[in-house]
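*Asks:* Take a look at the following structure, please.
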Amino acid sequence: MIFDHRTYTARPNKLSHFLKLYEDVGLPMQQHYLGEPFGFFQTHIGDLSRTVHLWKYESLADREDRRDRMEADPEWQAYRRKVIETDYLLDMRNQILKPVSFFNPGK
């Protein structure tokens with residue numbers, strides 16, 4: 001099992017705008033292709049204007065297959081263009097994480 005840990009940093013005072021666009025357009029498509037996120041958060045204390053989400057996959061191949069199908073969807077491509085056009089985001093990063101031996105995220 002792996003986790004895709006994504007951190008998006010919005011321009012000042014634009015996080016709520018990005019999250020609204022994502023909730024209305026991006027999230028339903030991701031749920032269709034990727035399933036439910038393992039976690040979805042925004043910073044409260046610390047580096048502000050950030051949202052962090054975690055997606056759980058059985059393997060890198062599972063992640064690649066699901067994301068490839070999503071990337072091929074013209075509606076997803078249109079959503080990605082909209083995110084670029086709005087210029088709400090400053091930075092997007094992701095990491096692939098593996099649980100340590102003593103943590104079972106399935107429980």
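The values are calculated or read from the model by the stated rules, or taken from the named source; none is laboratory data. Remember, it's a predicted structure, so these values are computed and weren't measured experimentally. Cβ placement follows ideal geometry from the backbone for every residue including glycine, while neighbour counts extend to all protein chains displayed. Side chains are part of the model used for accessible areas, which takes the heavy atoms of the whole protein and leaves out ligands, DNA and RNA. Shrake-Rupley method; radii C 1.70, N 1.55, O 1.52, S 1.80 Å.
*Asks:* Based on this model, can you work out whether residue 4 counts as crowded, with 16+ Cβ neighbours inside 10 Å and of a type in the set (Asp, Glu)? Steps first, answer last, please.
*Replies:* Numbers: crowded, with 16+ Cβ neighbours inside 10 Å: yes; of a type in the set (Asp, Glu): yes.
The answer is yes for residue 4.
*Asks:* I've got another one for you. Considering only residues that are basic (Lys, Arg) and either more than 17 Å from residue 36 (Cα to Cα) or open to solvent by 70 Å² or more (accessible area, probe 1.4 Å) (or both), which ones fall in the stretch 58-96? Break it down stepwise before answering.
*Replies:* Start the filter on the stretch 58-96 by keeping residues that are basic (Lys, Arg), which leaves 63, 66-67, 69, 80-82, 93.
Those that are basic (Lys, Arg) and either more than 17 Å from residue 36 (Cα to Cα) or open to solvent by 70 Å² or more (accessible area, probe 1.4 Å) (or both): 69, 80, 81, 82, 93.
*Asks:* Looking at (1) out of contact with any helix residue (DSSP H, G or I) (no Cβ under 8 Å at 6 or more places or on another chain); (2) closer than 19 Å to residue 23 by Cβ, which is the only condition residue 76 fails?
*Replies:* (1)
*Asks:* Still on this structure, I have one more. Return a yes/no flag: does the stretch 9-26 have any residue that is surrounded by 14 or more Cβ atoms within 10 Å (Cβ to Cβ), in contact with a Pro (Cβ under 8 Å, 6 or more places away or on another chain) and not acidic (Asp, Glu).
*Replies:* Of all residues in the stretch 9-26, those surrounded by 14 or more Cβ atoms within 10 Å (Cβ to Cβ) come to 9-11, 14-15, 18-19, 21-22, 25-26.
Filter once more, so that each one left must be in contact with a Pro (Cβ under 8 Å, 6 or more places away or on another chain): none.
Within the stretch 9-26, none of the residues are surrounded by 14 or more Cβ atoms within 10 Å (Cβ to Cβ), in contact with a Pro (Cβ under 8 Å, 6 or more places away or on another chain) and not acidic (Asp, Glu).
*Asks:* When residue 53 is evaluated against the numbered criteria (1) in a strand (DSSP E or B); (2) open to solvent by 70 Å² or more (accessible area, probe 1.4 Å), which criterion, by number, is the only one it fails?
*Replies:* (2)
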